[in-house]
Structures are given as structure tokens and as C-alpha cells.
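Report on the structure given below.
What follows draws every value from the coordinates through simple rules; no lab data is involved. This is a predicted model, so every value here is computed, not measured. Please note: Cβ atoms are built from the backbone with ideal geometry, for glycine as well, and neighbour counts cover all protein chains shown.
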Amino acid sequence: MSEHILVSIAWPYASAKIHVGNVTGSHLPGDINARYHRLAGDRVLMVSGSDSHGTPITVVADREGKSPRDVFEHFHHGFLELFLRLGISYDLFTHTDTVNHHHVSQDFFRTLMEKGYLYSQVQEQMYSEAEGRFLPDRYVEGTCPKCGYEDARGDQCDNCNTLLDPKDLINPRSKVDGSTPVIRETEHFFLDLPKLARAGLAEWLQHGKEHWRPNVINFARNYVGKGLQSRPITRDLAWGIPVPVPGWETKCLYVWFEAVIGYFSASVEWAHNQGEPESWKDWWYNPAAKTQYFIGKDNIPFHAVIWPAELMGVRQLYEDDPSKELNLPYDVPANEFMNLEGAGMSGSRNWAVWMDQALDRYSPDALRYYLTVAMPETRDTDWLWNDFVRRNNDELVAAWGNLANRALTFAYKRFDRHVPTPGPLEDIDRRLLARIEDGFEPIGQLIAGCKFRTALHETMALAREANRYLEEKGPWFQIKENVEAAGTTIYVALKAIDSLKVLFAPFLPFSSERLHQVLGYEGALFGESYTATFEEEGGRIHEALCYDGSKATGEWKASELPPGQALRQPHPLFEKLDENVIEEERARLGLTDV
Ligand SMILES: [Zn+2]
């Protein structure tokens, strides 16, 4: 039965390039999940976008003497190109500076206010006398009161992930000039999280979360259990979404409040772009729909606690049927972090493998393969260049690529460029085909349950089994004595490869598509990604990544390869990497072993 699956992926700040840790943390697991569900016949909506507001953008704009808009549009454009090259198949990747997102966020704010979950209060905030302005949280740094980390940001400690108020910091300093800020009064709106906790949030976290990752649900329960505090949701900032209250237009919505609303607003925008403006409701008001949030562990409080609180408080928006309620997260499969050669990745220290540069040198599937086997699902992992080369050569090339290439080349040369017609199958033939057919259900369940590493491991184990089958039967010897027997072996091998192509497709879409063509099929497994430009009221224009799945033909099921089907010229699916790559890449990082 077809399900509605909302694949929501953390919104990257459009103020820095994307590195491999960002990709394996959220974009890639979301994409694997979405591609599987599409093959399985489910209705998938995969959304995200660039976070174009907030101080990460203004910090860069200040530093480079540019406008915040120039900064975010530059990085946003780069994200779109990157996702196209890497095959991250967003149905919509938009950004938060659209007219639509501004309206939806303001409507969330107004609804929460009407329902009594917001209140205004005079607040003390860090003020820079040197600059004559209030300092955004991220402009203040100091020592974390909880763990003692000396470079904690005003909004959150990067060491222990605790959400902070800049006033909590010990020895606060301005990130701009290092001066010590003073405390001044200013009025702001607060989200009444204690009231929302009592209204059902705490209760919701206690039930039906057995499928959540333990670190995520434990963090969320702890966080709420210790007693939530109200959090300010407006700021004294010029760059952002204006507070929709008369007299408050010079202040804006705090970015942590409005960015998460992007999952909802992007769904609304997608539906509008489809010409079916109500269709987003199939994911947001259908109680059977599953909404999943692919994020890094630093984002757990926002997606497992605060966003559900916002949804619960709003309860309903743009819907007339009073019985309907907005869907709360079905799962928040947060990943841990990926380090690089033993040390935490850092954009500012340039200690990262930049995704665009990696794509200049390696194929997208080779990168996707490594980023899946080393995905930080349950603990921090490490990008190691020697491991990347070894796994590419020993697993991707040796086990899967060579299997496909050997069988296809043999069929192409010795069976007149066609899938051979098999004779009667023996036990060994039937056993292999049954093993692979039986893999679809459990591997599909693993992907749906966000256990991507195990799913890929199981798929690779089936490829190895097909290799052993080919070794055991030896069609290159069989053909000297009995052409029909060799034809049977090659038919069975091609059928196994045809099934493996589908099992690998969520992880390795580019090579699976090529294999699909070589096997003689018309049409493609997946739809097509493309960029498009949209114009909104008032002439505002924005660029987005979209996906057209209308011509996709792939299905999550075992091969029904027709005997006699004409093949296309085979080529190796993957490239073996030279061992020198390890030294070259380590040298790029400034690591030398000598
Ligand atoms: Zn800390």
C-alpha cells in the first residue's frame, strides 16, 4: 500500500560551502530514504532549502562588505549545482527569503499569539557600546556554564550542545571586536515552552517513540524533563522576517523560530508550483503520512522539541476542517558527526573535504558509497582517505562493478549482444535468484528504518554471493563444451545483476541508471532533477531545485529480465583509484607521513 512520506532535511545556512560531513549528516540519508520510497511506489515529498537569514549570513556579509542577499544567493546557487551533481533529488530545495516563507512564518507567529502561546516581555540583552547596537547571540562568545568549553557561542555550546542564552556565558566577549558587551533592556516576544510542554509536548515524547534512535529520544526527554524555559523568538535585527505586529516592524523573527517552519512553507510552495495548491495537505494533515527529519545531532533540540512545540501550538493552519491537526514528526533520525582524519571538521579552519572539490576528482557514486558506509548513524565516524580508496577498490569496484562488467561483457561478446535464453535452471541457479529476491523486503525495511549502513552492507553481501556463483559455474569454461549451459549461467547472473541494480539504486543512482541502460531497458529508474526560477507577487524571483518523477519507471522488486533483450555496449561502472590518491589528498590537508 502506498504511503505518504515527507522527507525533511535540515536547512543549511547559505553562508558557507557544504562539506562531506554535512552531506553524510543529512542530505544523503534523506536522499537514500526518498529514492527507496519512490521505487517502492510511495508518494514522496522531499524538501529543504537555504537558510538565508540569521547571523551566520550577516557575519559573512559584514566581513566581505557585501549585502546579506548577495551572500546567501551566492551560496544558495552553489548548493543547487552541488545537489544536481551529487544526485540529491529534492522535490523542492528553496530558501527562506521567499514571499511565501515570510507569509507562512508570520501566520505561524500570529496563530501562536492568538492561541496564547506567545507573550512579550522586557528582556536583558547583550549590547555593544562600541558599535551602538544589540548583539545577536552568535556575535557573543564565552565560556559554557555547563561544561566549561571556552569558545561557546551565545546560542549554543558546540561542545555539549546545550542551548544557551548569551547572558549565561562566563566572561562574554563580542565576536566582532572582542570587547565586553553590556546588558541593556529591550522588549521581545517569547514562545511559552512550559505551557506547550503541559499542553501535550511532554506527553507526546513519552509514547510511540520506540523506532527513534536512543540518543535522540533520550536527549529530547531529558531536555523537557529538566523543565523547559520560554525562549525569545524575536530579535533586534534588520535582516530577517519582520515581526507581524504593529509597532514591531523594525524587529524580526528569530531564525531558529522561522527556519524550521520552512518544512511546512516549502511543502506549500511545492504544491503551488505543481498547480495543485492543496496537495501539501496529503503530508501535513493525513494522519497516516510519515514525516521524517534528517538532521545532525546539533539540531536535535530544534527538531525533536521546539518544532513539535510550534506545530502543536499552531495545531491547524490553512485548513477548514476543525478535526484536522498538523502532523508531528514521525521520526527524527539525527546523525552524529563525521570527523576528518581524526579531527573535527571545521569550515572556518578549512579542515574539511569540500563536496564540490571532491566531485571534481571522484565520481558521485564513489563518494556516495563511502559517505554511506562511513555514515555517523550511531557514533561519530572519520573520513579517512586511505579508507576511501580501499573501500572504493575492494568493495565498489572489486565486488559490485566487476561482477556487472564481467557478466555483461561476456554476454555482449559471446551471446551476440543479447540476454541469452536460459535452459532449465538447476538448484544453484534458483538458489541465487531466490536469495536476491528475498533481499528486497528486509533491505527495504532497513532503509525505511534509516539503517542505511546495514542496508548497504546487506546489498553488498548479495553482490558477493553473485560473484561466488559466477566463480563456481565458470561460464567462460562452460561455453567451450555447452553453450546452452553457459547461456543459463549468464542469464541467471544478469538477472541477479538486474535486481542488484535496484537494490543499489537508492545509494548509487548514477551507476544503477547506466546499468539499466546497458541491460537494454528504455526509460529511467528515477525522475530528473532540474533548477527552475520562480516569480512571486511583487516580482520577487528565486531559484530552486526541483524533481520531476513523472517518467520514472523503477520499481522496488526483483528482476523480470526478458530473455533475448538487446544489450547496449557495457562500460566499467566504477573506476579503480590509484594508491597515490591517498598521499595527494593527505598532502592537500597538509598531512605528510614522511
Ligand atoms: Zn558546553
Once the Cα gyration tensor of region 324-441 is diagonalised, semi-axes √(5λ) in Å: 38, 24, 14
Approximate spin-label separation residue 343-residue 356, in nm, with each point projected 7 Å along Cα-to-Cβ: 2.4 nm
Alpha-carbon centroids, region 491-569 and region 284-348: separation in whole Å: 28 Å
The chain: calculated mean residue ellipticity at 222 nm from DSSP helix runs of at least 4, using -39500 (n - 2.57): -12000 deg cm²/dmol
Between helix 55-64 and the chain: long-axis angle, C-alpha atoms, 0 to 90°, nearest 10: 90 degrees
Cβ-based net charge around residue 96, under 9 Å, with every Lys or Arg adding one and every Asp or Glu removing one: -3
Unpaired by the 4.7 Å Cβ criterion, cysteines found in the chain: 252, 450, 546
Trypsin sites (Lys or Arg not before Pro) restricted to DSSP loop in region 121-210 with at most 14 other C-beta within 10 Å: 146
Computed label-point distance, nm, for sites residue 394 and residue 517 using a 7 Å Cα→Cβ extension: 3.2 nm
Compactness index (Cα Rg / 2.2 N^0.38 Å), region 21-143: 1.38
Cα pair distances exceeding 13 angstrom across region 526-594, given as percent: 83 percent
Segment residue 114-residue 530, length gained on full extension (0.36 nm per residue, minus Cα span): 145.7 nm
Separation between Cα centres of region 62-78 and region 210-244, rounded to whole Å: 27 Å
Spin-label model distance (nm) - residue 3 vs residue 418, 7 Å beyond Cα toward Cβ: 4.3 nm
Burial order of peptide ranges 100-113, 48-61 (average beta-carbon count within 10 Å, highest first): 48-61, 100-113
Range of Cα positions in region 1-59 per principal axis (Å), largest first: 48, 21, 10
Three semi-axes of the equivalent ellipsoid, region 455-594, Cα gyration tensor, whole Å, largest first: 37, 27, 13
Surrounding net charge for residue 442, when Lys and Arg each add one and Asp and Glu each subtract one, Cβ distance under 12 Å: -2
Rg and Dmax of region 268-363, Cα atoms only, in Å: 18.9, 55
Inter-centroid distance (Cα atoms) of region 38-53 relative to region 95-166, Å: 27 Å
All-pairs alpha carbon distance profile, region 229-316, 10 Å steps from 0, percent: 14, 39, 35, 12, 0
Cα gyration tensor of region 147-258 - equivalent ellipsoid semi-axes, whole Å, descending: 29, 22, 12
Most positive-pole-ward Cα, 474, 455, 520, against dipole of region 447-536 from beta carbon charges: 474
For region 101-168: span of alpha carbons on each principal axis (Å, largest first): 40, 31, 24
Principal axis dimensions, the chain - Cα atoms, whole angstrom, descending: 92, 67, 47
Proxy reagent accessibility, fewest Cβ within 10 Å first, across 454, 250: 250, 454
Cβ-defined net charge surrounding residue 152, 13 Å radius [Lys, Arg +1; Asp, Glu -1]: -3
